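What follows is a set of notes on a single structure, which appears directly below.
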Amino acid sequence: MSASYLLQGTVKWSYDHELAEYSDTYKVMTSMVSFSPPLHRHNGNIALTQSELIIEGVNGDMDLSVKLAAMKQIYIGFDDLFPMISVRSLGAFWQPLRIEYYTSAFETQRIYLIIDYNGIFTHDKDWFNTLTQMLQ
């Protein structure tokens, strides 16, 4: 990652269809097991430029690039795919960052990001605030 990035960090992330594959029991269990990571399928490094969000997978994991102009919705919080019950603190210390973006004129994709997770909190709110300011 380069010094020319506005923000950068580590990320745990998933597509919405990947989170849908987890059972409700599994989602509850992730909050009950000590030292278990939050719900996610992919690991990597994340960076923000003036024009895009870049994720570089680590250990052979997938990469992803999302143009800021393609972003349809940015949301921080829980929903039916990433419920509050799946987090140990029930959202008191962090909430996932959800980004929905256009992959074509009529299709969208949704990803859930957990940025700089250290076992207690994340920097998701900082990224949310920065992205919303950039997209105004």
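Kirkwood Rh over alpha-carbon pairs of the chain, then Stokes-Einstein at 10 °C and 1.306 mPa s: what D in µm² s⁻¹, rounded to an integer? For the chosen part, D equals 104 µm²/s. Could you state the angle between the C-alpha long axis of helix 124-134 and the longest principal axis of the C-alpha atoms of the chain, as a value from 0 to 90 degrees rounded to the nearest 10? The angle comes out near 30 degrees.
With the charge dipole of the chain set up from +1 on Lys and Arg Cβ and -1 on Asp and Glu Cβ about the Cα centre, the Cα lying farthest toward the positive end among the listed residues Asn118, Val58, Tyr75 is that of Asn118.
Let me make sure I get this right: for region 1-60, a, b and c are the square roots of the gyration tensor eigenvalues over alpha carbons, sorted descending. Under 1.5 in a/c it's rounded, otherwise prolate if a/b > b/c, else oblate. Which is it? Prolate.
Computed over protein heavy atoms with a 1.4 Å probe, the accessible surface of the chain works out to 54 Å² per residue.
With +1 on the Cβ of every Lys and Arg and -1 on the Cβ of every Asp and Glu, and nothing else charged, how large is the dipole of the chain about its Cα centre, in debye rounded to the nearest 20?
Using only the charged Cβ atoms, the result is roughly 240 debye.
The calculated FRET efficiency for Leu90 paired with Ser51, based on their beta-carbon distance and R0 = 41 Å, is about 0.70. The 3J(HN,Hα) values that the Karplus relation (6.51, -1.76, 1.60; θ = phi - 60°) gives for region 12-17 are, in residue order, 10, 8, 8, 7, 4, 5 Hz. Gly and Pro appear as x. Convex hull volume of the C-alpha atoms in region 43-88, normalised per residue: 117 Å³. Summarising the amide proton neighbourhood of Leu7: residues at separation of 5 or more, or on other chains, whose placed amide H is nearer than 5 Å comprise Leu48.
The values are calculated or read from the model by the stated rules, or taken from the named source; none is laboratory data. Every value quoted in this text rests on a predicted model; they were computed, and no experiment measured them. Positions of Cβ are backbone-derived with ideal geometry, glycine not excepted, and every protein chain shown enters the neighbour counts. Side chains included, ligands, DNA and RNA excluded: accessible areas come from the protein's heavy atoms. Shrake-Rupley method; radii C 1.70, N 1.55, O 1.52, S 1.80 Å.
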